[in-house]
Amino acid sequence: MPMQFQKTPGWLDWQARPSKPGFRLPVGAVDAHCHVFGPGAEFPYAPERKYTPCDAGKGQLFALRDHLGFARNVVVQATCHGADNRAMVDACKASGGKARGVATVRRSVTDRELQDLHAAGVRGVRFNFVKRLVDFTPKDELLEIAKRIAPLGWHVVIYFEAVDLPELWDFFTALPTTVVVDHMGRPDVTKPIDGPEFELFVKFMRDNANVWSKVSCPERLSLTGPKALNGERNAYRDVVPFARRIVEAFPDRVLWGTDWPHPNLKDHMPDDGLLIDFIPHIASTAELQRKLLVDNPMRLYWPEDC
């Protein structure tokens, strides 16, 4: 009997009919940050999860990929699945080589399991430091995992909030792999772009050549909007200067992704087509757009095809 799951009250479902983007993605573009949720009847959600999402499976993800004009996806393990990577792995295997994965693993993972994940298309692990989403994992355990995945050529994805960077700095700079920051470390966009908090993040990237950043999720960071709804093609203007600064300062170390199906949003669910139209505001030239959407993700996830 398949397990039944009740969505977290107030959960916002992804938009079933996104618009077509006005911005045309370059050929070979990669959606470098997206998720699959279940479906729960096939891939049950983790008992320790902090939320229960709507179902959002690989079929819907691939349909969105084609609708928006992406060629490939990077499927990041969602916290609602814990360290059970089966839904993410299933999506990678079903993609015909058009998807790579970022897994969540525990210290107990075996070498054989890591090899199986690699064969399925996994190329990184994610360490989450956002306390409202996950329980704390000891840093020594995470460092042990990082050392074990380094010989596979994998990288570490880190998710944290800007105020926590000072206390996490020494741990992050000890990681022996490429390190990819989710969503610019969630800056507070009400603070000055040249203020101490964001300057510390820029310094983090400048001082550590192995650190990359996703300049994604303006819908999570924006406080004054406007939102990517109702035909708005100039959405999330308060986030634009932050993302543009990172793209222009580190053009060879930036990635972008939709974050579909947008977990844990509270006040609105963006139109993914309008979300694509955010890209030319932060990567203003064809060269920057190609690096952000094609060259960089291909170098990180499909180096054999470069």
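Looking across LYS227, LYS191, one residue alone is in contact (Cβ under 8 Å) with a residue 40 or more places away in the chain, more than 23 Å from LYS291 (Cβ to Cβ) and open to solvent by 40 Å² or more (accessible area, probe 1.4 Å). It is LYS227.
Residue check: PRO18 meets all listed conditions (1) open to solvent by 10 Å² or more (accessible area, probe 1.4 Å); (2) out of contact with any His (no Cβ under 7 Å at 6 or more places or on another chain); (3) in contact (Cβ under 8 Å) with a residue 12 or more places away in the chain but one, namely (2). I'd like to check something: does region 100-109 contain any residue that is farther than 23 Å from PRO138 by Cα, small (Gly, Ala, Ser) and in contact (Cβ under 8 Å) with a residue 12 or more places away in the chain? Checked against the condition, which is being farther than 23 Å from PRO138 by Cα, small (Gly, Ala, Ser) and in contact (Cβ under 8 Å) with a residue 12 or more places away in the chain, region 100-109 yields at least one hit. A residue that is modelled with pLDDT of 95 or more, touching a helix residue (DSSP H, G or I) at 6+ places or on another chain (Cβ under 6 Å) and closer than 22 Å to TRP14 by Cα occurs nowhere in region 126-134.
For (1) farther than 27 Å from LYS139 by Cα; (2) part of a loop (DSSP other than H, G, I, E, B); (3) at pLDDT 95 or above, each residue gets a yes or a no:
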{"residue": "MET1", "(1), (2), (3)": "yes, yes, no"}
{"residue": "ARG24", "(1), (2), (3)": "yes, yes, yes"}
{"residue": "GLY28", "(1), (2), (3)": "yes, yes, yes"}
{"residue": "VAL89", "(1), (2), (3)": "no, no, yes"}
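Quick one: would you say LEU300 is at pLDDT 95 or above, within 17 Å of the chain's Cα centre (by Cα) and surrounded by fewer than 24 Cβ atoms within 10 Å (Cβ to Cβ)? The answer is yes for LEU300. Selection of region 21-38 for residues being crowded, with 21+ Cβ neighbours inside 10 Å and of a type in the set (A, V, I, L, M) yields ALA29, VAL30, ALA32, VAL36. When THR178, THR137 are checked against the criterion of being hydroxyl-bearing (Ser, Thr, Tyr), open to solvent by 10 Å² or more (accessible area, probe 1.4 Å) and modelled with pLDDT under 95, THR137 stands alone in meeting it. The set of residues in region 266-282 being free of Cβ contacts under 8 Å to residues at least 60 places away in the same chain and in a loop (DSSP other than H, G, I, E, B) consists of ASP267 alone.
Taking residues in region 202-219 that are on the phi < 0 side of the Ramachandran plot and at pLDDT 95 or above, and partners anywhere that are acidic (Asp, Glu) and open to solvent by 10 Å² or more (accessible area, probe 1.4 Å), the pairs with Cβ atoms closer than 9 Å and at least 6 places apart or on different chains are TRP212/ASP252; PRO218/ASP238. Considering only residues in region 39-76 that are small (Gly, Ala, Ser) and crowded, with 22+ Cβ neighbours inside 10 Å, the one that is modelled with the lowest pLDDT turns out to be GLY40.
Which condition breaks for GLY273 when tested against (1) on the phi < 0 side of the Ramachandran plot; (2) surrounded by fewer than 17 Cβ atoms within 10 Å (Cβ to Cβ)? Evaluating GLY273 over (1) on the phi < 0 side of the Ramachandran plot; (2) surrounded by fewer than 17 Cβ atoms within 10 Å (Cβ to Cβ) leaves (2) as the failure.
I need a count of the residues in region 239-265 that are open to solvent by 10 Å² or more (accessible area, probe 1.4 Å), within 25 Å of LYS20 (Cβ to Cβ), not aliphatic (A, V, I, L, M) and not in a helix (DSSP H, G or I). Number satisfying all stated conditions: 1. Here is the figure for region 49-81: residues that are over 23 Å from TRP302 (Cβ atoms) and of a type in the set (A, V, I, L, M) total 1. From the list GLU232, GLU219, exactly one residue is under 30 Å from GLY124 (Cα atoms) and either open to solvent by 20 Å² or more (accessible area, probe 1.4 Å) or among the charged types (D, E, K, R) (or both). Which is it? Exactly one residue qualifies, and that residue is GLU219.
The values are calculated or read from the model by the stated rules, or taken from the named source; none is laboratory data. Just so we're clear, the structure is a prediction, and the values are computed from it rather than from any experiment. Here Cβ is always computed from backbone atoms with ideal geometry, including for glycine, and neighbour counts include all displayed protein chains. Remember, those area values only see protein heavy atoms, side chains included, never the ligands or the DNA or RNA. Shrake-Rupley method; radii C 1.70, N 1.55, O 1.52, S 1.80 Å.
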